[in-house]
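Participant: Take this structure first; my questions come after.
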Amino acid sequence: MQTQRQKGSGSELAAVVAAAGGRHRTATEFVEAALKAAILEGRLPGGTALRQEELAEAFGVSRMPVREALRQLEAQALIDFVPHKGAVVTEISAEDAADNYAIRRALEPAALALSIPALGPEDFGRARDLIAEMDTDPDPGSLGELNRRFHMALYSRAGRAKLLALTEQQLAAADRYLRFHLAAKGREHLSQDEHRALLAAAEARDVAAAVAVLHAHLDRAAATIAEFFRTRGG
Ligand code: NI
């Protein structure tokens, strides 16, 4: 699998640069925007190695803006830095995303229902602060992390260590899909109304209502990411 994909992104890159059109405000923005569009549209498929020298040459810029653009793409979960390989386009798939949401749908409502009776004012305060942070934080790279911490704050009193460990693991795995999704669709798709409704139901100790909101929240996210893969064609 590596050999086929490892072989350079050279000719693909030429097409990416050609499709990028006019220059942006800075060289970094130019490189970032062109690569982001190519990754989201599947023109640079998962597993493609992006070498800094090749990128600098193809875009006609120095290495520094290339490095900065790659850093920003990493924050959006569009690329990973892999040891000995460098920047590689993130592997994501419709199947893996659907699997992840199915697992979350099984785990998170169970953790939430167990946790709600034991949640205290400090937990609600933490969840509220995290919603506020998601409203204002300008860095898309940290939204996934804030979302994970918000959800975990509401599950934290479940009193089931393994359930919480599995839940957190799946939330972390979901991070790349959330960030990928936000990079493609914009941050308004973070479903903050659902986060507020979830917190309100938890504060009211209404387990049934909170679980219903969480189901809707996860189902909507799963449907949107499935739609994203459908329209992207893979
Ligand atoms: Ni969420």
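The values are calculated or read from the model by the stated rules, or taken from the named source; none is laboratory data. In this text, all values refer to a predicted model and were calculated from it rather than measured experimentally. Every residue, glycine as well, gets a Cβ built from its backbone with ideal geometry; the counts of neighbours run over all protein chains shown. Each accessible area value is taken on the protein alone, full model and side chains, heavy atoms only, with ligands, DNA and RNA left out. Shrake-Rupley method; radii C 1.70, N 1.55, O 1.52, S 1.80 Å.
Participant: When the scattering of segment 4-89 is computed by the Debye formula from its Cα atoms alone, each counted once and equally, what is log10 I(q)/I(0) at q = 0.16 Å⁻¹?
Facilitator: Rounded to two decimals, the profile gives -0.51.
Participant: Here's something else I'd like to know. As I understand it, the dipole of the chain uses +1 on the Cβ of Lys and Arg and -1 on the Cβ of Asp and Glu, about the Cα centre. Which of Ala165, Ala14, Leu198 lies farthest toward its positive end?
Facilitator: Result: Ala14, furthest along the dipole toward the positive end.
Participant: Residues with beta-carbon under 14 Å from that of Ala113, excluding Ala113: net charge, scoring Lys, Arg +1 and Asp, Glu -1?
Facilitator: Values: positive: Arg105, Arg157, Arg160, Arg205; negative: Glu108, Asp206.
Here the count lands on +2.
Participant: Still on this model: To the nearest 20 debye, what charge dipole does segment 32-104 have about its Cα centre, counting +1 at the Cβ of each Lys and Arg and -1 at the Cβ of each Asp and Glu? Intermediate values should be presented prior to the final figure.
Facilitator: Values: 8 positive and 12 negative charges, 42 e Å.
It works out to roughly 200 debye.
Participant: Determine the sum of side-chain charges near Arg126: Lys and Arg each +1, Asp and Glu each -1, restricted to other residues whose C-beta is under 12 angstrom from that of Arg126. Intermediate results must be reported in sequence, preceding the final value.
Facilitator: On the way: positive: Arg128, Arg149, Arg157; negative: Glu122, Asp123, Asp129, Glu133.
So the surrounding residues net to -1.
Participant: Next question, about the same structure. Please report, as a whole percent, how much of the solvent-accessible surface of the chain comes from carbon and sulfur atoms (probe radius 1.4 Å).
Facilitator: Numbers: 6150 of 11250 Å².
In the chain, the share of accessible area belonging to carbon and sulfur is 55 percent.
Participant: Taking the Cα centre of the chain as origin, work out the dipole magnitude from +1 charges on Lys and Arg Cβ and -1 charges on Asp and Glu Cβ, in debye rounded to 20.
Facilitator: Working: 29 positive and 32 negative charges, 71 e Å.
That gives the chain a dipole magnitude of about 340 debye.
Participant: Hey, what's the chain come to in accessible area per residue, 1.4 Å probe, Å²?
Facilitator: Details: 11250 Å² over 234 residues.
Accessible area per residue, the chain: 48 Å².
Participant: Further, regarding this structure: Quick one: give the max-minus-min coordinate of the C-alpha atoms of segment 94-232 along each principal axis, largest first, in Å.
Facilitator: So the three principal-axis extents are 43, 30, 23 Å.
Participant: Kirkwood Rh, the chain, all Cα pairs: how many Å? Provide the component values of the computation, followed by the final result.
Facilitator: Numbers: mean 1/r = 0.0526 Å⁻¹.
The answer is 19.0 Å.
Participant: Compute, for segment 71-202, the length of the dipole vector about the Cα centre, with Cβ point charges of +1 (Lys, Arg) and -1 (Asp, Glu) only. Units Debye, rounded to 20. Please report the intermediate quantities before stating the final value.
Facilitator: Numbers: 16 positive and 20 negative charges, 58 e Å.
Charge dipole, segment 71-202, about its Cα centre: 280 debye, nearest 20.
Participant: Can you give the calculated 222 nm mean residue ellipticity of the chain, where each DSSP H run of n ≥ 4 adds -39,500 (n - 2.57) and the sum is split over every residue, rounded to the nearest 500 deg cm²/dmol?
Facilitator: Details: 11 runs with 167 residues, N = 234.
Mean residue ellipticity, 222 nm, calculated: -23500 deg cm²/dmol.
Participant: Sticking with this structure for a sec: If you wrap a convex hull around the alpha carbons of segment 97-151, what volume per residue comes out, as a whole number of Å³?
Facilitator: Values: hull volume 4.1 nm³, N = 55.
Roughly 75 Å³ of hull volume per residue.
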